[in-house]
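The values are calculated or read from the model by the stated rules, or taken from the named source; none is laboratory data. Because the structure is a prediction, the values reported are computed rather than measured. A quick note on method: Cβ atoms are made from the backbone with ideal geometry, for glycine too, and the neighbour counts reach across all protein chains shown. Only protein heavy atoms, including side chains, enter the accessible area calculation; ligands, DNA and RNA are left aside. Shrake-Rupley method; radii C 1.70, N 1.55, O 1.52, S 1.80 Å.
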Amino acid sequence: MTADRLTELLEDSSAEVAPPSFAATAWATARRVRRRRQVLASVAAFAAVVAVTVPLRDRGGDDIVPAPPAQSAPASAAPAGVDVMPAKPVQRALPGLPVNFAIPADAAKLSQHPVEQAVAVVQDHAGESADQSMRPLHVIDAAGRWTRVDVGDLVRTHDEGGNQAEPLRSTALSPDGRRIAVPQPEALVVIDLPAAKAHRIPLPGLNEQVMWWGDETVFVGQESTGVTRVDWASGVVSPEPAAMSAWIGGGSPVAAADIADLITAGEDRRVRVWRPGDATPVREVPVDFVTVRPEGYAVSEWYGAAMPDGAGRVAAAAWGDRVPPGGPGNYGGVQMLTVVDTTTGRVDRLLDLGTTRSKSCCEVLGWIDDQTLLAHTDLEGLITWNTRTGEITRVTTGPVAATVSVRPR
């Protein structure tokens, strides 16, 4: 039998066999793995690959699940309500924020130079071979000055298994920019910047997440849904009836306002709106990617804080799938930023960040104005995204290898 004849027989016998979809299987498996803790080795490995880490959020403090092999979607116009990250975003400056987030070695100490109001709080990430001790927090004031936080005796959060994570969260800075809430083992530490003083409030358990409700109340989360209410000034700790999540909730700058979070339960995607003090949500609305735009996209999981715009919408990072309009196949592992209407469940706008990033690459930091988001991405650093015009700009000149908490307005 000739080689050509053998080839023909093999091709005939395999013609009816469907090729396995290894990428889809691997991504489906990764999808079932909830991000739980950010192990230091994972942070170092991720930083070595993309030169930036986001706890992200995160968010926050969980194992990083690698993204599936990158797939190139066919070139086509984005559907209505979808923006795509440009290869080279236009550069812009934001008052008070540096362009490179390089922490100066000679930054003044908070104990000697109190800060009246901070624009941002920054905690850089240790590299793979760097000193693995607790990295200090730094604040940036409105004039762009850096100050090192040297009060509070802060340590990494950790669990019984030895997993550790840096304690700063993107939701740590109070709405008025005067205080930082830092989760600690068995405690919450609130750093009063104008007074250069740390308030340590005993709080049993593994505390990992925080979000502010106005300027006086901090909700502290642990491993699951549910939070504890803390009045930082009085030190009073009380149970919170609302079963909201500090993992995926962004809090509210106004104490009288409701708090929304975005949940993923199996194939169910919902936005929940809570009124602190009430055990049941004000409303719970399904997010339907079939009947609402953007067509062709589906969220597998939201992650990081859902940041409110004050007008009934929240923005949060997510990863999921895309079916290209008129194109073949399903492109999993798409990283995205989403804006969701908390009344209707409608996804008003979506920013497609592509499939070449690591899972949980990015995080929403807050709203600069009624239409513009500030976000932290692994490859670009800090960006702005106008959710009305679709304009995307870059605030930093490169990636930011740090956790950043910002109050942009």
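Data overview
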{"read-out": "Residue that is modelled with the lowest pLDDT, among those in the range 121-136 that are of a type in the set (A, V, I, L, M, F, W, C) and farther than 24 Å from ALA93 by Cβ", "value": "ALA130"}
{"read-out": "Pairs where the first residue, in the range 220-241, is over 14 Å from ILE201 (Cβ atoms) and in the same structural domain as HIS199 (by TED's automatic domain parsing) and the second is assigned to a strand (DSSP E or B) and acidic (Asp, Glu), C-beta under 9 Å, 6+ apart", "value": "THR225/ASP261"}
{"read-out": "Residue that is open to solvent by less than 30 Å² (accessible area, probe 1.4 Å) and touching a Lys or Arg at 6+ places or on another chain (Cβ under 6 Å), where the choices are LEU188, LEU173, LEU203", "value": "LEU173"}
{"read-out": "Condition met for ALA375 (under 29 Å from PHE101 (Cβ atoms), in contact with a Cys (Cβ under 7 Å, 6 or more places away or on another chain) and touching a residue at least 12 places away in the same chain (Cβ under 8 Å))", "value": "yes"}
{"read-out": "Which listed residue is modelled with pLDDT under 95 and open to solvent by 10 Å² or more (accessible area, probe 1.4 Å), from PRO294, PRO328, PRO324", "value": "PRO328"}
{"read-out": "Among residues of the range 155-189, those that are touching a strand residue (DSSP E or B) at 6+ places or on another chain (Cβ under 6 Å) and assigned to a strand (DSSP E or B), counted", "value": "13"}
{"read-out": "Counted residues, the range 206-248 - those being within 23 Å of TRP302 (Cα to Cα) and open to solvent by 20 Å² or more (accessible area, probe 1.4 Å)", "value": "11"}
{"read-out": "Of residues in the range 133-170 being over 19 Å from LYS109 (Cα atoms) and among the acidic types (Asp, Glu), the one most open to solvent (accessible area, probe 1.4 Å)", "value": "GLU160"}
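Yes or no, residue by residue, for (1) within 22 Å of THR147 (Cβ to Cβ); (2) of a type in the set (Val, Ile, Thr):
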{"residue": "GLY161", "(1), (2)": "no, no"}
{"residue": "THR171", "(1), (2)": "yes, yes"}
{"residue": "GLN184", "(1), (2)": "yes, no"}
{"residue": "ALA187", "(1), (2)": "no, no"}
{"residue": "PRO194", "(1), (2)": "yes, no"}
{"residue": "PRO204", "(1), (2)": "no, no"}
{"residue": "ASN207", "(1), (2)": "no, no"}
{"residue": "VAL218", "(1), (2)": "yes, yes"}
{"residue": "VAL227", "(1), (2)": "no, yes"}
